[in-house]
Amino acid sequence: MTKKQTIFSAIQPSGELHIGNYLGALKNFVELQDKYDCFFFIADYHSISGEYNPKEKSKQIFDLALDFLAIGLDPQKCTIAVQSQIPEHTELAWIFNTVTPLAELQRMTQFKDKSQNQDQNINMGLLDYPVLQAADILIYKAYGVPVGQDQIQHIELTRKIARFFNNKFGETFPEPKDLITKTPKIMSLIDPTKKMSKSHGKKSCIGINDEPEMIKKKMRKAVSTTEYNEDIYSFYASLLENFGTEKNKKYFLEQFKNKDIKFSELKDALAEDISNHFKDFREKRKELEKDPEKVKNILSEGAEKARVIAKKTMREVKEKVGVIMG
Ligand code: ADP
């Protein structure tokens with residue numbers, strides 16, 4: 001049997017997941033676990049480079065583990081772990097720091113955006129984030145990284161870092177591909193020119209764990225227009241495409257074609273379809289929440305499995321870099 005290729009991706013535990021995270025990343029994770037050797041991580045060290053409350057962090061980590069499991073990630077098929085439990089990631093990041101030009105990091109769009117959002121806290125971690133991300137991915141010598149569109153630039157940098165290292169120390173890391181879904185960018189509920197994002201506030205997102213009443217409330221407050229507007233139309237069309245029942249798709253796509261949308265009708269229908277799409281998820285999540293020990297065990301078994309590989313890569317890296325004495 002040939003060895004399956006490796007997939008790595010991570011999400012930050014920094015608040016509730018929204019349907020953008022689902023369509024851009026999580027949905028793809030669930031599909032990939034059947035075909036590849038997958039590592040799905042909770043990127044807690046990444047998340048502390050943003051503003052946060054230390055008292056809330058461990059709950060956010062636990063909540064993201066619940067999301068991963070309830071959406072269908074199966075610890076029998078893939079490895080689920082918390083980044084800080086495998087210290088080799090940060091060790092490799094340090095080595096990568098020494099081969100990454102500062103200018104590469106300064107031009108990252110996410111760094112620029114996040115620096116604007118937290119202008120009183122432009123810390124080194126914010127700048128160095130893509131280097132740690134490269135270490136996360138390359139320590140498992142991943143072939144592919146399922147991410148949303150906003151992460152493509154970071155994966156491109158990961159490939160460069162692999163090249164910088166290989167050129168200096170000899171062929172070690174493969175150059176990973178980004179694996180993009182057919183909906184790699186879902187826009188904000190209140191501003192269809194911006195991506196849906198936790199950092200733009202809860203009103204801009206539909207949480208995958210939101211109750212039906214909440215989804216309906218948020219949808220009713222979402223943008224609409226009396227005239228044709230490309231951004232708004234394509235925003236609703238993508239929601240319909242991904243979550244709509246066949247009947248609703250047919251009915252509303254006709255309205256789209258005629259550029260005559262009854263927004264109040266469309267919004268209520270979409271709210272219902274989105275709620276139904278995540279009904280099983282919500283139920284499974286509530287069940288899992290009652291058994292924190294089970295969830296913690298899955299995470300520590302995942303870390304143990306991942307660490308075997310991470311240690312092996314670090315041994316190889318240290319030898320190549322020359323910090324192991326013969
Ligand atoms: P980060 O982008 O810093 O990893 P997020 O929690 O914002 O943290 O993103 C987690 C995943 O969800 C990433 O793969 C990201 O590309 C994807 N994602 C985030 N927002 C969207 C969106 N609006 N549409 C599609 N994918 C998204």
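The values are calculated or read from the model by the stated rules, or taken from the named source; none is laboratory data. A quick note: this is a predicted structure, and the numbers were derived from the prediction, not measured. Here the Cβ is made from the backbone with ideal geometry for all residues, glycine too, and neighbour counts use every protein chain on show.
What about T225, is it of a type in the set (V, I, T) and farther than 21 Å from T193 by Cα?
No.
Filter segment 1-42 down to the residues that are surrounded by fewer than 23 Cβ atoms within 10 Å (Cβ to Cβ) and β-branched (V, I, T) and list them by number.
T2, T6, I11, V30
Any idea how many residues of segment 1-10 are near the ligand (Cβ under 8 Å from one of its atoms) and of a type in the set (S, T, Y)?
Looking only at that region, the number is 1.
For segment 80-123, which fully contained helices (runs of 4 or more DSSP H) count at least 2 residues that are over 21 Å from the mean Cα position of the chain (by Cα)?
Where helices (runs of 4 or more DSSP H) fall fully within segment 80-123 and carry at least 2 residues being over 21 Å from the mean Cα position of the chain (by Cα), they are 88-97, 102-106.
For segment 50-79, enumerate the residues that are modelled with pLDDT under 95 and under 17 Å from the mean Cα position of the chain (by Cα).
G50 - this is the single residue of segment 50-79 that is modelled with pLDDT under 95 and under 17 Å from the mean Cα position of the chain (by Cα).
Can you name the residue in segment 199-214 that is surrounded by fewer than 21 Cβ atoms within 10 Å (Cβ to Cβ) and not small (G, A, S) and, of all such residues, is nearest to S275 (Cα to Cα)?
P212
Take the residues of segment 128-154 that are out of contact with any Lys or Arg (no Cβ under 7 Å at 6 or more places or on another chain) and of a type in the set (D, E): which is farthest from the ligand (Cβ to nearest atom)?
My answer is D128.
State yes or no: is I152 in contact with a strand residue (DSSP E or B) (Cβ under 7 Å, 6 or more places away or on another chain), surrounded by fewer than 19 Cβ atoms within 10 Å (Cβ to Cβ) and at pLDDT 95 or above?
Taking the combined requirement at face value, the residue satisfies it.
What's the total number of residues in segment 172-196 that are within 9 Å of the ligand (Cβ to nearest atom) and among the polar types (S, T, N, Q)?
3
I'd like to check which helices (runs of 4 or more DSSP H) are fully inside segment 194-303 and have at least 1 residues that are more than 24 Å from G148 (Cα to Cα) and modelled with pLDDT of 95 or more.
Fully inside segment 194-303 and qualifying: 212-221, 246-257, 263-277, 279-289.
Matching residues to (1) within 16 Å of Q133 (Cβ to Cβ); (2) surrounded by 18 or more Cβ atoms within 10 Å (Cβ to Cβ):
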{"position": "T158", "(1), (2)": "yes, yes"}
{"position": "A162", "(1), (2)": "yes, yes"}
{"position": "F169", "(1), (2)": "no, no"}
{"position": "T172", "(1), (2)": "no, no"}
{"position": "P176", "(1), (2)": "yes, yes"}
{"position": "I180", "(1), (2)": "no, yes"}
{"position": "K185", "(1), (2)": "no, no"}
{"position": "S197", "(1), (2)": "no, yes"}
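Among the numbered criteria (1) within 16 Å of the ligand (Cβ to nearest atom); (2) of a type in the set (D, E, K, R); (3) in the same structural domain as Q153 (by TED's automatic domain parsing), which one does K203 miss?
(3)
Please specify each residue of segment 11-31 satisfying the condition of being under 20 Å from L132 (Cβ atoms) and near the ligand (Cβ under 7 Å from one of its atoms).
The answer is I11, Q12, S14, N21, A25.
Looking only at segment 261-280, which residues are surrounded by fewer than 17 Cβ atoms within 10 Å (Cβ to Cβ), within 22 Å of I71 (Cα to Cα) and either of a type in the set (D, E, K, R) or assigned by TED's automatic domain parsing to the domain that holds I80 (or both)?
Those that are surrounded by fewer than 17 Cβ atoms within 10 Å (Cβ to Cβ), within 22 Å of I71 (Cα to Cα) and either of a type in the set (D, E, K, R) or assigned by TED's automatic domain parsing to the domain that holds I80 (or both): K279, D280.
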